[in-house]
Amino acid sequence: QVQLVESGGGLVQPGGSLRLSCAASTTISSIYFMGWYRQAPGKQRELVAIIMSSGTTSYSDSVKARFPISRDNAKNTVYVQMNSLKPEDTAVYYCYLQDRRGAGYWGQGTQVTVSS
């Protein structure tokens, strides 16, 4: 069973920045992609950004150019640097991993609140 440990959420003012981290308890060779999803109150969970094992990235239009995703293969960790945060970015952010067998795993979620 893959464990995902998230960190980095919190309260930030509009225009501020946060970095989320997600460490996976599995070998990098077994990972197909990792990424971040978010769920705001009363809304469905939505894609934020993912990074494939090849290094290819994909973003939702709402965060493209503001939330670059990156990874540290030596640490089996994925990061998302959230810049120019807006109140509408407020949500619980979930790390997600899909392995090469097609199994998917979710982190426990971390709250991000953007408010003055």
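The values are calculated or read from the model by the stated rules, or taken from the named source; none is laboratory data. Here the structure is a predicted model, which means the values were calculated and not measured. We place every Cβ from the backbone using ideal geometry, glycine too, and count neighbours over all the protein chains shown. Accessible surface areas use protein heavy atoms only, side chains included; no ligands, DNA or RNA. Shrake-Rupley method; radii C 1.70, N 1.55, O 1.52, S 1.80 Å.
Overview of results
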quantity: Test: residue in the stretch 55-63 that is small (G, A, S), at pLDDT 95 or above and surrounded by 16 or more Cβ atoms within 10 Å (Cβ to Cβ); calculated: no
quantity: Q44 vs. criteria part of a loop (DSSP other than H, G, I, E, B), exposed (fewer than 15 other Cβ atoms within 10 Å of the Cβ) and without any contact (Cβ under 8 Å) to a residue 40 or more places away in the chain; calculated: yes
quantity: Candidates P68, P14, P87 - the one that is under 13 Å from the mean Cα position of the chain (by Cα) and open to solvent by 30 Å² or more (accessible area, probe 1.4 Å); calculated: P68
quantity: Out of Q98, Q1, sole residue that is open to solvent by 30 Å² or more (accessible area, probe 1.4 Å) and either among the acidic types (D, E) or part of a loop (DSSP other than H, G, I, E, B) (or both); calculated: Q1
quantity: Residue count for the stretch 80-95, restricted to those that are closer than 12 Å to E6 by Cβ and touching a Leu at 6+ places or on another chain (Cβ under 8 Å); calculated: 3
quantity: Selection within the stretch 50-76 - farther than 22 Å from W106 by Cβ and among the β-branched types (V, I, T); calculated: none
quantity: Residue identified as in contact with a Pro (Cβ under 6 Å, 6 or more places away or on another chain) and either loosely packed, with under 15 Cβ neighbours inside 10 Å or in contact (Cβ under 8 Å) with a residue 40 or more places away in the chain (or both) among Q81, Q39, Q108; calculated: Q81
